[in-house]
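Remarks on the structure that follows.
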Amino acid sequence: MSEPLRFVDVCSGAGGLASGLEAAGWAPSLLLDHGSQACETILANRPHWNVVCQDLVDFLPDDHPESLDVDLLSAGLPRVKASAARGRADADKELRLLEATVYLLHAVQPRALLLENLPALVDAPAYASIRSFIEAELSHLGYRSRWFVLNAADFGVPQERRLGVLVAIKEPWFSGFTPPGPTVTDHVPVGRVLLPSMKSRGWADAEEWAAQATAPAPTLVGGSENRGGADLGPSGTKRAWARMGVNAGSLADDVPGPEYAWPRSTDPALMLKITVDQAALLQSFPLEWRVTGRKTSRYRQIGHSTPPPVARALGVALAEALRSPSS
């Protein structure tokens, strides 16, 4: 059996991207995140992984020689705001992390780069200058690149979540890469995924509730670190949740028990709420994956993550390219 391909993952968060790559047969050399809670989550699940809790902007690869000459640099970065392209100071943090990831290529020299961000980064005019900067740096370093958008629902994730993806590969292997195609023919509805947990404490109406939650979830939104408590997103997202009988204004501490009287109301304020653990199911984290911290922190880690099944599909496609005969 061939040796596993190795990767460095930056802005690792709760480990969604890294766990998906692991499922595709990759082995991490180093994971990096500035958040102590995210680092705790990763180590709670993979205590043997090499996790560095440090800001990406301050990371020096020479201090971590295990990060050099790996096969892949992966990054699920905070969403770059359109205002970043116009020089807005309040958008600089996300843009700095994106630039730092690109500059990291100079030192790490991986054979491939995988960058996941918002879909608009792929082709929206507001991001043209950012794309031009990235493409110029990649070309200078001998990479060829491809931008594309994936929907997590096409990979079995019970959530309509569009992901902007950049894959760049050194010239000898680029021709072997093809973006992954859908792994499911039908999108998975919320009710099917959450029914076992909704039944777990003896709620009598769980199956009836699940039968009307027939669509994938809207995109889970992690929100800002400086924002208040956790909810499931803006007003349009909340209306989509209400059509599935879910109050998206906040998260529950536990699933309904036998005493819960389902009001069957059209008023969102009277609808049931999902839990953080159920949000992790909707993001398709492995059942055994434990996200640590308090409720709001746990939800934000989940909402900011790359769904592992999408990361796995990307990992398989990248491994096929890098193991193909180089031209």
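Derivation of every value follows stated rules applied to the coordinates shown; laboratory data play no part. The structure presented is a predicted model; accordingly, all values stated were derived computationally and were not measured. Every residue, glycine as well, gets a Cβ built from its backbone with ideal geometry; the counts of neighbours run over all protein chains shown.
So here's what we get for this one:
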| quantity | calculated |
| --- | --- |
| Contour excess over end-to-end distance, with Cα ends at Arg290 and Leu270 and 0.36 nm allotted per residue | 4.2 nm |
| Relative contact order computed over the chain (Cα-Cα under 8 Å; 6+ residues apart), in percent | 20 |
| Partners for Lys238 among lysines (Cα-Cα distance below 26 Å; same-chain residues under 8 apart left out) | Lys81, Lys199, Lys273, Lys295 |
| Theoretical gain in end-to-end length, Ala124 to Gln109 [0.36 nm per residue, Cα-Cα removed] | 2.5 nm |
| Cα gyration tensor shape for segment 253-327, rounded if a/c is under 1.5, else prolate or oblate | prolate |
| Spacing of the two label points (7 Å from each Cα toward its C-beta) at Asp63 and Ser36, in nm | 1.7 |
| Full-stretch length increase - His140, Thr219 - with 0.36 nm per residue and alpha-carbon distance subtracted | 24.9 nm |
| Entry for Kirkwood radius over Cα pairs in Å (calculated from the structure that is shown) out of (i) 21.6; (ii) 22.6; (iii) 20.5 | (iii) |
| Estimated inter-spin distance, Ala27 and Ser324, nm [label 7 Å along Cα→Cβ] | 2.5 |
| Efficiency of FRET from Cβ geometry, Ser200 and Ala44, R₀ 25 Å, rounded to 0.05 | 0.65 |
| Dipole magnitude of the chain about its Cα centre (Cβ charges: Lys, Arg +1; Asp, Glu -1), debye to nearest 20 | 780 |
| Per the chain, cysteines lacking a partner by the 4.7 Å Cβ criterion | Cys11 |
| Under 5 Å, built H, 5+ apart or other chain: amide partners of Ser74 | Val8, Asp9, Val10, Leu114 |
| Among 304-310, 288-294, the order from most to least packed when residues are scored by Cβ within 10 Å on average | 304-310, 288-294 |
| Net dipole in debye of segment 190-302 [+1 Lys, Arg Cβ; -1 Asp, Glu Cβ; about Cα centre; nearest 20] | 320 |
| Angle in degrees between helix 128-140 and the longest Cα principal axis of the chain, rounded to the nearest 10 | 40 |
| Rg to Rh quotient for segment 190-302, alpha carbon positions, Kirkwood Rh | 0.93 |
| Charge dipole magnitude, Cβ of K and R +1, D and E -1 - segment 259-302, Cα centre, debye nearest 20 | 220 |
| Over the chain: helical MRE at 222 nm, DSSP H runs n ≥ 4 each giving -39500 (n - 2.57), nearest 500 | -10000 deg cm²/dmol |
